[in-house]
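See below for the structure under consideration.
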Amino acid sequence: MADDDASVERVGKIRYMPSFSEANKRHEISVKNLEEYLRKNVPEIALPLHVDQFTYGQVNSLILIMTDLTQSNPTYFLTDSKKRKYVLRKKPPGKLLSKTAHAIEREYQVLAALAKTDVPTPKVYCLCEDNHVLGTPFYVNPSL
C-alpha cells in the first residue's frame with residue numbers, strides 16, 4: 001500500500017488500515033520501545049521499522065480474516081529496513097474477561113512447539129512478557 005494512499009489514516013508512526021473504528025486507536029504502541037526491544041532480542045530484524053496496524057479482526061500467522069463484529073488481539077504488520085515483513089500480536093490493554101482470553105503466550109508456545117514437528121509453521125522470534133515494552137505481552141513472527 002502506498003504511503004500516500006488516501007484510505008490509510010496516519011497517527012504518529014503507525015498507519016491504521018481502512019474500515020476500522022476510532023475506538024481501536026487505544027492499541028497504539030511505542031515504536032521506539034519496540035525497536036529498542038528488537039535491537040537487543042531479535043537482531044536479524046533490520047531497524048528502523050514501519051508499522052501498520054489492523055485493529056479489528058482475527059489474525060493468525062497464515063490467514064487474515066477481518067470483521068467489524070469481533071475484537072481480537074491487536075495485530076501489527078512490521079516492515080523492516082530491508083523490506084522484510086513480520087507480524088506482531090499482543091494482548092489488548094485493560095482488564096480481560098478471563099485468564100484464558102487473548103492468550104498470546106499460549107499462541108507463542110503452540111507455534112514454537114509445532115516448529116519442532118513436520119507441521120508447516122512460521123518461526124516465532126520472541127515472546128516478550130515485559131509489560132514495560134508495549135504494555136502487554138507480545139510475540140513476533142514472519143509474515144507469510
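The values are calculated or read from the model by the stated rules, or taken from the named source; none is laboratory data. Treat the numbers as computed from the prediction; the structure is a model and nothing was measured. FYI the Cβ positions are ideal-geometry reconstructions off the backbone, even for glycines, and counts take in every protein chain you see.
List of remarks:
- Residues that are touching a Lys or Arg at 6+ places or on another chain (Cβ under 9 Å) and assigned to a strand (DSSP E or B) were ranked within segment 122-144; the one that is surrounded by the most Cβ atoms within 10 Å (Cβ to Cβ) is PHE138.
- Subset of segment 63-121 [exposed (fewer than 13 other Cβ atoms within 10 Å of the Cβ), assigned to a loop (DSSP other than H, G, I, E, B) and either at pLDDT 90 or above or touching a strand residue (DSSP E or B) at 6+ places or on another chain (Cβ under 6 Å) (or both)]: SER81, LYS82, LYS83, LYS116, THR117, ASP118, VAL119, PRO120
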